[in-house]
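The values are calculated or read from the model by the stated rules, or taken from the named source; none is laboratory data. Quick caveat: nothing in here was measured; it's all calculated off a predicted structure. All Cβ positions, glycine included, derive from the backbone under ideal geometry; neighbour counts span all protein chains shown.
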Ligand SMILES: [Zn+2]
């Protein structure tokens, strides 16, 4: 009797043991699959069902049902963990990365069987872990299904809750409350295996549907581009490198007058090259987000037209070999732009802001692309730039702005910007400082690439700006403040296609007209060409874009 009231009856102790076993095994299978934060989030999601084991259940049927439910629940989390860990170890990819989604969407049943027959040895350790963990859980859960006699004893004697039990009940309630909160929050909820994998299946299907459409549009566009009969005016080989960055606000570049030294190498290039290193002072994006901005950039700002034209389709029809090098993991970008290229080199395998893949790693494929013997080359390098999280965009510890008090911090403080925003500003500027190195290196690779006497051009711009305490207490993409649209843009040519207008540097420039400037560098002419939108042409005629914010002057 006494033993039972202390919570040491056979039923209670077997419940506690089962809880401990399930908890430990689920935790262990999830550890290789997630970083610490994710791990904590998922464990909070996994807890409520496990906590059922701590609930005083008496009827044998209910105990059976409970064991079955907890077993299935734990199994779901374990399989989820094992699959993610396998993908992370084998491909350095997350399950919802473009790499995995495209591979799965591209795979038929026959190929799946083939894949399994080929890679089963690599999966074996994970299967073994699952089996061993599963068996231990089954063993522990079976012990909670006790005979009705024992359960009856428990009911007769466990009516009054001792103090210790009351405290543990309180703790249980706190855990359940935390779990309820986690389920209420969408970013957390989405990590639950059931939600995650049903979303995942939907993404794969969506992708297949989208491809059918995109494929068709791409084929049509390529055919139409050939029909426009684009021609390259000049003779001889030429190489054009377009570096598209992400989330760079020109106000934070030393090159554009920022007080912090964020662009020492670009400034050195400007000093060395003078006017041929054309820094467009007043460059603007017309969108605050990547997808919309790239759509405008590549489709000549005219995607919704009856027959839109893609600048890469045009380049290919004119005889350029197009390479796309990307540090982004984005299926939409791959499908709507990169797929126009002859070759695609993708570095990142993690979508969105968790992407830690370093921009500097694009140099290797860039060097290879530059060495390609094709006479006419267009190489697009798509960087993460200063995309949030800023601290992921530079090597660990490489933040010279986070100690000491300088003019920028003084300004931020005077404007009443909160401390967390000042910290983010330091990180943002550190990201730009590293970005400066990456940019300068892409430039040097082009300049030093083998071959002599050929034409070379380097075009750099950001897809959109970034708000980091410039006009608001906000850090990130911003369609509500001008900081979200203020971008850098630089053009360099080793020999100009035509004499540049002397005032080119102070002409305002807009991203959705980039296609015409790129066509200038490619030296391509076609039916429907509009020189009035090419910032390098004498015929350039500026028109204010429609932005969601009011801009006092675009020449600022
Ligand atoms: Zn972007």
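For the residues 491, 549, the requirement of being touching a residue at least 60 places away in the same chain (Cβ under 8 Å) and surrounded by fewer than 17 Cβ atoms within 10 Å (Cβ to Cβ) singles out 549.
Taken together, 291, 297 contain a single residue that is within 16 Å of the ligand (Cβ to nearest atom), within 27 Å of residue 232 (Cα to Cα) and part of a helix (DSSP H, G or I), which is 297. In the set (1) part of a helix (DSSP H, G or I); (2) under 30 Å from residue 320 (Cβ atoms); (3) touching a strand residue (DSSP E or B) at 6+ places or on another chain (Cβ under 9 Å), the condition left unmet by residue 384 is number (1). Checked against (1) more than 16 Å from the ligand (Cβ to nearest atom); (2) assigned to a helix (DSSP H, G or I), residue 306 passes all but a single condition, namely (2). The requirement of being surrounded by 20 or more Cβ atoms within 10 Å (Cβ to Cβ), under 33 Å from the mean Cα position of the chain (by Cα) and free of Cβ contacts under 8 Å to residues at least 24 places away in the same chain is not satisfied by residue 512.
Considering only residues that are within 16 Å of the ligand (Cβ to nearest atom) and more than 29 Å from residue 368 (Cα to Cα), look in the stretch 421-471 and name the one that is surrounded by the most Cβ atoms within 10 Å (Cβ to Cβ). Ranking the qualifying residues of the stretch 421-471, first place goes to 466.
Results for (1) at pLDDT 95 or above; (2) under 30 Å from residue 411 (Cβ atoms); (3) not in a loop (DSSP other than H, G, I, E, B), shown as yes or no for each residue.
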position	(1), (2), (3)
509	yes, yes, yes
517	yes, no, yes
536	yes, no, no
544	yes, yes, no
554	yes, yes, no
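Restricting the stretch 246-259 to residues that are part of a loop (DSSP other than H, G, I, E, B) and away from the ligand (no atom under 15 Å from the Cβ) leaves a set whose member that is nearest to residue 290 (Cα to Cα) is 253. A single member of 262, 239 is surrounded by 14 or more Cβ atoms within 10 Å (Cβ to Cβ), in a strand (DSSP E or B), away from the ligand (no atom under 16 Å from the Cβ) and on the phi < 0 side of the Ramachandran plot, and it is 239.
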